[in-house]
Amino acid sequence: MTPFCAIDFGTSNSAVALAGAAAGDAMRLAPVEGAHTTLPTSVFFNTDEHTREFGRAALAAYIDGFDGRLMRSMKSILGSPLAESTTDLGDGSAMRYTEIIAIFLEHLKRSAERCSGASIERAVLGRPVFFVDEDPRADQLAQDQLEAAARSVGFKEIHFQYEPIAAAFDYESRLTEEGLVLVADIGGGTSDFSLVRVGPQRMARLERKDDVLAHHGVHVAGTDFDRRVELATILRELGYQALDPEGREIPNRVYFDLATWHLINTIYTPKRAAELKLMRHLYTNTAQHDRLMRVVEWRLGHALAARAEEAKIGVSAGGETMIDLEQVETDLRLAFDDAQLVDAGREETRRIVQAARDTVQAAGVAPGAVNALYFTGGSTGLLFLTQALAEAFPQAQAVFGDRLASVATGLGIHAQRLFG
């Protein structure tokens, strides 16, 4: 049997499902970093050692202080003008973002091939319901860019499947009777919803178009909550929303850029750094400007974003944590709790819940007819968010899949039906 695989290229985490050695063998998740079957979607171009690291190794190298360029959330730029532009790798060289995506896909492909012991040229790739909200042309461009990246690393036969549909396949494999499930796939970059009719009698059908009653999604998810947390806490210590001597708010573009992963490096250019240095007179509290300049000069932007993400995760199921900003200033620590997280992400939560409601409404189905809410994606670990969604569909049973791997598992099920 010619080998094949399924790839969940996620905004925050990725995984690969791999075919067994013989026809009919169950799909399995391939180890993609040591024994791990999920891989943080990260690439670090290490200019000190002239290497490329991926996943946890990429994050560790960056945190350890090696010089270079860390790339995360690459999926979120597909379909945007930025995707075909070039970015500095930290050593004077530059590369298109789509080429970096191809490098990451190649790493996943090689990991799968090491596991299978053979070359793999056929693949199912997951995709969100919308790469780009309310822009069909840009959305198609995003899929085309992802397909081109996959072909450039040696995949010859490529099929796409919506990620929430793949999650529905995983859920369906456990059912004993027919039902209506609203799949909530809430990852790092997008929140995607699909209302799907599922059941054991439907599993064998390759064409499931008639079982999909509605798709909908919004480009709001985990990284947006990270951004809100950073703006509400860390960046206030650097002057965000502070007032100048005239009582006007200090220009805030630098803070929004600092809270956006793929824009952080734009702050480090000599021109931008010089402009920020000249703004010192606007700060009534000059300690805030001092901190901002340390972040710029010491290139701590990604480290601060990581602290915000860690704080979000730390209180995601309730409780409180401390945000350690010792890298910026000695003894600088901030208390953070779940109530602050809920408040910071209130608008994002509202938009995600509304997208779920819109999905069911688009299908012409009453909310009470939904039998189950199936949660998958890393951000479904946010208790307040899943509770808000459950409250919108009080008759539905809340079911939690593997947050990081159920989409890959479902894509593998689809790949087996196509290629097996």
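What follows is calculated from the coordinates using simple rules that are stated; it is not laboratory data. Bear in mind the structure is a predicted one, so any value in this text is a computation, not a measurement. Counting neighbours? That spans all protein chains shown, and the Cβs are built from the backbone with ideal geometry, glycine included.
Checking the a/c ratio against 1.5 first, then a/b against b/c, what shape does the Cα gyration tensor give for region 117-184?
In terms of gyration-tensor shape, oblate.
What ranking do 144-154, 70-80 get when scored by the average of other Cβ atoms within 10 Å per residue, highest first?
Going from most to least packed, we get 70-80, 144-154.
Let me have the relative contact order for the chain, percent, based on Cα pairs under 8 Å that are six or more residues apart.
19 percent
Where does helix 97-116 land angle-wise versus the long Cα axis of the chain, in degrees 0 to 90, nearest 10?
50 degrees
If contacts are Cα pairs under 8 angstrom and at least 6 residues apart, what is the relative contact order of region 223-344 in percent?
27 percent
Set Lys and Arg Cβ to +1 and Asp and Glu Cβ to -1, take the dipole of region 223-344 about its Cα centre, and tell me which of VAL295, GLY314, TYR268 lies farthest positive.
Selected residue: TYR268.
Given the DSSP H assignment, sum -39500 (n - 2.57) over each helix run of at least 4 residues in the chain and divide by its residue total; what's the result at 222 nm in deg cm²/dmol, nearest 500?
-11500 deg cm²/dmol
Arrange the following residues from fewest to most other Cβ atoms within 10 Å of their Cβ: ILE323, ILE186.
Ranking ILE323, ILE186 by Cβ neighbours within 10 Å, fewest first, gives ILE323, ILE186.
Neighbour counts of other C-beta atoms within 10 Å: give me ASP139, ASP343 arranged from fewest to most. Write out the running numbers ahead of the final one.
Values: ASP139 19, ASP343 11.
Lowest count first: ASP343, ASP139.
Taking Cα centroids, how far is region 366-393 from region 277-344 in Å?
31 Å
If we count every other residue with Cβ under 11 angstrom of THR380's Cβ, Lys/Arg +1 and Asp/Glu -1, where does the sum land?
Working: positive: ARG403; negative: ASP185, ASP402.
Local charge sum for THR380: -1.
Mind giving me the nanometre distance, one decimal, between the label points for GLU329 and ILE158, set 7 Å out from Cα along Cα→Cβ?
So the label points at GLU329 and ILE158 sit 4.8 nm apart.
From Cα pairs below 8 angstrom and at least 6 apart in sequence, can you work out the relative contact order of region 187-280, rounded to a whole percent?
After rounding, I find 22 percent.
Report, in debye and to the nearest 20, how large the dipole of the chain comes out about its Cα centre when Lys and Arg carry +1 and Asp and Glu carry -1 on their Cβ.
Value, rounded to 20: 640 debye.
Ranked by Cβ crowding within 10 angstrom, fewest neighbours first, how are GLU172, GLU99 ordered?
The order, fewest Cβ neighbours first, is GLU99, GLU172.
What is the packing order of peptides 232-241, 357-366, 408-417, taking the mean over residues of other C-beta atoms within 10 Å and listing the highest first?
My ranking of the peptides, most packed first, is 408-417, 232-241, 357-366.
Any idea what angle helix 346-362 forms with the longest principal axis of the chain, computed on alpha-carbon atoms, 0 to 90 degrees, nearest 10?
Compared with the principal axis, the helix lies near 20 degrees.
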